[in-house]
Amino acid sequence: MATMIFYILGFILLAATLMCITRRNPVHAVVYLVAGFFALALMFYLLGAPLVAAWEVIVYAGAIMVLFLFIIMMLGLAPQEVPPGPGWQRWLPLALLSASLMICTLLLVLQDPAAGQEIGDFYLAPQALGEALFGRYALAVEIVSFQLLFATIGAFLLGRPLPKGEGP
Amino acid sequence: MTIPFGHALAFAGALFVLGLSCVLIRRQIMMILIGVEIMLNAASLAFVAASAYWRQPDGQVFVLLLMAITAAEVAVALAMVVYLWRRKRTLVADEFNGMHG
């Protein structure tokens, strides 16, 4: 049963992402992406990562995507302001190359001896994850906190008002 | 749950290719950033599947670190989007082709 749900969620994820990257309106794209992230969170749960699934919903769908929506609505990016991209004839070589690359990757992955082996039942309790995160990887957590501080400073500097004469 | 490891990796690979094509095809900076998000999520899926396959917590720890890195990246990138919008009132990547010395 869980196996079937995993495949259904995988196809929901791929379909939502495909709809996302083809939308002209950025708001629609973000909403499709949120739907895909919910499917991805359930896949994480089925793969034995309940805490990561919760974080996927809280951080990705809840914070990052809302930040995207906020910026899109703040700038008022109406869909007609986005010019049409190059026609499909100009995409065709890229699409063929990407498709052949994808097929080669899938063939390589599926013929690998480890690929046939099954992922058994696995459940990592949040407590075990926290012990690993703040035990072995405590230094990485510190470095990430520094990185978030630097990102805050960078966003602050970029968000200052423009000097006179540099506007549109 | 019993699925082959390769199928989980195949889903991650397909998701990564979708994100990469979004970055390559779309011309609006916001959609390029969304493509980057999709690729980062494909990496997360591969990490979690590997974590379940080898029965180790390390993969999930890396996904949490990846989320923190993504949050930092999105903060800076969206600040840059607002900056570019103030400069030229457009977000088409082709428009930003001049250098100012």
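Summary table
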| read-out | value |
| --- | --- |
| Carbon/sulfur fraction of accessible area - chain A, other protein chains in place, 1.4 Å, % | 74 |
| Shielding by partners, peptide B:35-45 (average Cβ within 10 angstrom, other chains) | 4 |
| Residue order for B:W54, A:W91 - accessible surface, 1.4 angstrom probe, largest first | B:W54, A:W91 |
| Other protein chain Cβ atoms within 10 Å, averaged over every residue that makes up A:60-66 | 3 |
| Residues of chain A: accessible area per residue with a 1.4 Å probe, Å² | 60 |
| Under the Debye formula (equal points on every Cα, no solvent term), log10 I(q)/I(0) of the range B:5-94 at q = 0.17 Å⁻¹ | -0.76 |
| Rounded, prolate or oblate (a/c below 1.5 giving rounded, otherwise prolate when a/b exceeds b/c) for the protein assembly as shown by Cα gyration tensor | oblate |
| Choice from A:I64, A:I119, A:I153 showing the highest fluctuation, given a GNM over chain A with Cα pairs closer than 10 Å | A:I153 |
| Total accessible area lost when B and A pair, probe 1.4 Å, Å² to nearest 100 | 7200 |
| Cα gyration tensor shape of the range A:1-144, rounded if a/c is under 1.5, else prolate or oblate by comparing a/b with b/c | oblate |
| Ellipticity estimate at 222 nm from DSSP helix runs (n ≥ 4, -39,500 (n - 2.57)) divided over chain B, nearest 500 | -27500 deg cm²/dmol |
| Accessible area, probe 1.4 Å, largest first, for residues A:H28, B:H100, B:H7 | B:H100, A:H28, B:H7 |
| Helical mean residue ellipticity (222 nm; -39500 (n - 2.57) per DSSP H run of 4+; nearest 500) of chain A | -22500 deg cm²/dmol |
| Carbon plus sulfur fraction of accessible area for the range B:1-48, probe 1.4 Å, in percent | 82 |
| Probe 1.4 Å, protein heavy atoms only - accessible area per residue of the range B:5-94 in square angstrom | 33 |
| Electrostatic dipole magnitude of the protein assembly as shown [Cβ: Lys, Arg +1; Asp, Glu -1; Cα centre; debye, to 20] | 980 |
| Amide H contacts of A:I119 (H built 1.01 Å from N, under 5 Å, at least 5 apart or other chain) | B:I3, B:F5 |
| Ranked by how many other beta carbons lie within 10 Å on average, peptides B:34-41, B:80-87 from highest | B:34-41, B:80-87 |
| Whole-angstrom gap from the range A:1-76 to the range A:119-150, using each part's C-alpha centre | 22 |
| Per-residue mean of C-beta atoms belonging to partner chains within 10 Å, peptide A:108-121 | 5 |
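The values are calculated or read from the model by the stated rules, or taken from the named source; none is laboratory data. On a predicted model such as this, the values are computed, not experimentally measured, just so you know. Cβ coordinates were reconstructed from backbone atoms using ideal geometry, including for glycine residues, and neighbour counts include every protein chain displayed. Surface accessibility is based on the protein's heavy atoms, side chains included, excluding ligands, DNA and RNA. Shrake-Rupley method; radii C 1.70, N 1.55, O 1.52, S 1.80 Å.
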